[in-house]
Amino acid sequence: MTVTTTKGSVDAVSPRALRVPDRRRRATAGYPRWTPYLFLLPAILLFAGFTVYPYVSALWLSLTTNRGGETTFAGLANYVRLLRDPLFYTALKNTFVILIVQVPVMLALAVLLAVAFNSVLLKARALWRTIYFVPIVMGLVAYGILFRALFSSQDGFVNQLLGAVGAGPIPWLANGFWAKMTIVIALTWHYTGQSAIIYLAQLQAIPVDLYEAAAADGAGAVQRFWNVTWPGLRPALVLTAILSTIGTLQLFDEPFVLTGGGPNNATLTVGMYLYTNGFRYFDFGYASAIGYALTLIIGAISLIQLRLTREKP
Amino acid sequence: MKFHGNRTRRAVAVFTTAVLAASTLAACGQQPSTPASPTTGTGGAELTGTITVWSWTAPAKGLEAAIPGFQKLYPGVEVEVQDVGNPAIWDKITTSMAAGGAGLADVLNIGIDYMGNYVEKFPGQLADLSGFGLGELAGDFPAGPWKSGQGAKGEVYGIPYEVNATGFFYRTDLFEKAGVDVTTIKTWDDLLTAGKTIMDATGVPLFALDKAATAADSANLWQLLTNLQGSFYFDAAGDITLNNAAGVKALEIIKQANDLGIVADIPGSWDNLVAQMKGDKPVATFTAGGWMAGQLTIDGSGMAGKWGVAKPPAVAAGGLTAAINGGTYLSVSNTSPNKAAAAAFVKYALGTLEGQEAVYAAGGMFPGYLPFITSTSFSKPVDYYGGARVNDIFISQLDEDTPVVNYTSDYARALKALDDAQTQVLLEGADPQTVLDAAAELVAQQTGRTIAK
C-alpha cells in the first residue's frame, strides 16, 4: 500500500502517514488484516456453537425451573435447593472417596509400570505396552458387561477365584463399601495404561547421561529413581494428577454401567446424579445447577493442585 | 379400494373410514394450529405418506403384524415399525422432545410410567387424539388404564396398548413336592408360611428380588403389595403416600420373607428372569403382568405343565386380588406431518377386532380392547397350563375395583427413593417405617409435593 494523501497535506501528515502503512505491511505481508481470522473461523464457529453456547445455555437453564411444562425464571432457587439436598452431599462424598483412593493408587501403579516398560531388561516391550494400553480402547458397554460378570456377587469369576483360595465370597456389587471398591478397581484397570504411556514418553525424554553420571557418582537403583527419574517425571506427574482428578470428579460411566449408583446410593457420583436429574426426572434446570456446581469444584481443586505442584523458582 | 376378507372386517373398515373422515373434518375445525397436510380433510381412505413407529422387541413385532391389514384399508400409507430397544427408547423420546419434537417418530409406544412425565414436562408434544376420532374408544377400554393416558383436561394422549393385570405364577411341581395346596393360599401371610415349607422341602426360595437394586429397579413386588391395598406412591391429588400404612405393610411383608430366608438375591435383568422361567435359577413363584402368561410358553417351553397361574393372594383376608401391573400406550407426536395417518394406524392396531387379533397373535402383549378380550377366541384353554383358561384370570381382574394409579410426573424419583429404602431393609435389616418416612421426606424435598396425612 502506498500513501495516497492529497498533495499539499503531505508535509502535515507525513510522520503518521509514513508510519502506519509501514506497520501494516509488516503485519499482513500483503494480505488483508482479517486473513488469520478467516482461517480461524471454522474453529471459532465450532467453539461458539458447541462449547460457548451450551455453557451459556446451561447457565441460563440452571436459573430456571419447569413447573407444569412452563420454563420459568427461578433465580438461585436451584442452587439453594442443591445446598439442602442430602443426595447431592452423598454424591459429593462418594466422588471424593473414590477420588482419594483411586487416583494415588493408579498414578503410583502407572509410574511403576512406566519404569518397567522403559527398562532395558524387559523383553517384548511393544507387546507389554500394548497389553496395558488395550483397556483404554475398550468400549464402555463391553467393559461394563465384563466387570458385571467378573464381580457378580452370586456367581462372579472373582468370587470363584477367592473361593478357590478359601476367601470370600465378597458382595462386590451388593454392599456399599465393596461397590465403591469395584468402581475403583474398574477405573484403575481402565486408565492406568494411559497414565503409564504418558510417563513412558516423559521417561524417554530424560537424558541417559544423567543416569550415567549418577551411576558414576555411585548412586544405586533406588537413589537413581528418586534423584533422576522422579524429578524428570514431574511435569507428567502434574499433568496426569490434574487430568485424573478432573476425570474422577466427572465420574459417570463406571457407576452407570456397573451399579446404577447403588446399592442405596453408595456409588452415586455427582455425574450420575446430574444425569439422573436431567434424563430420568427431566429436571434440566436442577441438572444444570449440579453441572455448574461441579465446574466450580473442579476449577477450585485444579487451581489448588497447580499451586501445590508449582516448581519452586 | 378393494377389501379382502369377511363381512366383519369389511364392516370394521367402512366404520373406521367413516369415523376417520368425520373426525379429520372435525379436527380441522377444532385445531386450526394443526399444520395442514395434504391428507387432512379428505376421506381416510385417501391418506398417503409414510409413518414410522417406535417400539421395542415383542410389542414391535405385534405392531408389525398389523401393517398388512392396515394397508388393505389405507393402501397409500407406508408403515415402518422400528425396534429402537427398551430402555433406549426413553432417552430417544426424551432428547427429541427436549429438542422441541425434532426427529420424533409419528407413533410412539410409551410406558404408563413415562406417560405423565412426558405429558407434564413436555406439553404439546403428544397429539390430542380425541380430534382424530379416537376419543370415542373410551368405552372400549378399562377405565383405569384409559384415564392414565389422558391429560388433565381430558385430552387423549395415549391409547392403551398393553393392559397388564397381575399374574401370580407358581411352580406346580415344587408346590406338589412340598405338599402345599395352592388353593389354600388366600393371603400373603399364607404364602410366606407355604414358602417356608417349600424352602425346607425342596431348597427352592419362594421368590427372587434384586436386593441391592443395582441392575434395575426392584420395586415391582412392593408396588403390587401396595396396589393390592388400594394405595401407591401418590394419591389421586398427587400427594406422597408411599409411607402410609399400606406402603409400610407392603415393605414389612417383604422384610418378613427376607428374614425367613426364602428370598433369592438375583440381579434384575431379562436374562435372569428367563433363567427363573426355565428353572435354571429356580424360584417357586413370581408375579408379573399378564404378558408373562404368553412369554412363559415361549421362553419356558421346556417347563410345560410345571407352571400354574392364579390371581395374586390378598394382603388382608378378603382384600383385593387384582392389580394393574403397568402397561403401555400408543401416542402420536404433535410434530408428525402425518398425524391423521398415524392416528388411523393406532386406531386400526388397538381399536379394531381385526387389528387386535393380528397384534396379539404376533406380540402376545395383553390387550386392553374390551371387545377383543371378551371375545371367545381370546379366552381359550392353554395346554401349557394344563388346559386352564389363563386369560380369564386376567380378564376377571378388570372387574375388581382396582385404584386408578396416579404415576404423576415424579414417578421416577419416587421409584428410586423406594428402591433405596427397600435395599436398606433387605441388606441392613432397617425398619420399614423409618426408611419409608425418610424416602417420603426426600421425595417431598425433591419435588415440592406434600406428604399425605
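A short reminder: the numbers here are calculations on the coordinates, not readings from a lab. Owing to the predicted nature of the structure, the values given are computational and were not obtained by experimental measurement. Glycine gets a Cβ as well: all are built from the backbone with ideal geometry, and neighbour counts include every protein chain shown.
Points to keep in mind about this one:
- Against chain A, whose longest principal axis is taken from its Cα atoms, helix A:10-28 shows a tilt of about 30°.
- Between the beta carbons of A:Q160 and B:I298, assuming R0 = 41 Å, the FRET efficiency works out to 0.80 to the nearest 0.05.
- Along region B:334-341 the Karplus relation, 6.51 cos²θ - 1.76 cosθ + 1.60 evaluated at θ = phi - 60°, assigns HN-Hα couplings of 6, 8, 4, x, 10, 4, 4, 5 Hz to successive residues, with x for each Gly and Pro.
- Residues with amide H under 5 Å from that of B:A65, placed H, sequence gap 5 or more: none
- Close amide H partners of B:N334, meaning residues 5 or more places away or on another chain with modelled amide H under 5 Å apart, are B:L126, B:A127.
- Which listed pairs, of B:K196/B:K311; B:K186/B:K306; B:K249/B:K281; B:K153/B:K453, have C-alpha distances above 25 Å, in listed order: B:K249/B:K281; B:K153/B:K453
- For region A:34-75, a/c is not less than 1.5, where a ≥ b ≥ c are the root eigenvalues of the C-alpha gyration tensor, and a/b tops b/c. That puts it in the prolate class.
- Residue by residue, region B:195-210 carries 3J(HN,Hα) couplings of x, 5, 4, 5, 4, 5, 7, 10, x, 9, x, 5, 8, 10, 9, 8 Hz when phi is fed to the Karplus relation 6.51 cos²θ - 1.76 cosθ + 1.60 (θ = phi - 60°); x denotes Gly or Pro.
- Normalised alpha carbon radius of gyration of the protein assembly as shown [divisor 2.2 N^0.38 Å]: 1.18
- Two-site FRET efficiency, A:M138 against B:T57, from Cβ-Cβ distance with R₀ of 35 Å, rounded to 0.05: 0.80
- Sum of side-chain charges, A:L210 neighbourhood, beta-carbon under 12 Å (Lys, Arg +1; Asp, Glu -1): -2
- Integer Hz, Karplus 6.51/-1.76/1.60 couplings in order for region B:264-281, x for Gly and Pro: 7, 9, 10, x, x, 7, 4, 4, 5, 5, 4, 4, 6, 5, 7, x, 5, 10
- Fully extending the segment from A:W226 to A:L76 would add 49.0 nm, taking 0.36 nm per residue of separation and subtracting the current Cα-Cα distance.
- Relative pair counts by distance (%), Cα atoms of chain A, 20 Å bins: 22, 42, 25, 9, 1, 0
- Using distinct alpha-carbon pairs, which all enter the 1/r mean, Kirkwood radius of region A:216-311 in Å: 16.1
- Taking each residue as 0.36 nm, the span from A:T295 to A:F39 lengthens on full extension beyond its C-alpha to C-alpha distance by 89.1 nm.
- Cα centre as origin, Lys/Arg/Asp/Glu Cβ charges: region A:81-309 dipole, Debye: 160
- Computed over chain B, the alpha-carbon pair-distance distribution with 10 angstrom bins reads 4, 20, 30, 25, 14, 6, 1, each value a whole percent.
- Relative to one another, the C-alpha centroids of region B:304-365 and region A:27-102 are positioned 43 Å apart.
- Förster-model FRET efficiency, 35 Å R0, B:E155 and A:W60, C-beta, rounded to 0.05: 0.70
- Charge-dipole axis of the protein assembly as shown as Lys and Arg at +1 and Asp and Glu at -1 on Cβ define it, positive-most pick from B:T402, B:V359, B:A60: B:A60
- Scanning residues 5 or more positions from B:A208 or on other chains, those with amide H under 5 Å from its amide H are B:A264, with H placed 1.01 Å from N in the peptide plane.
- Note on B:K92: lysines with a C-alpha under 20 Å away, same-chain residues under 8 apart excluded, are B:K61, B:K121, B:K339.
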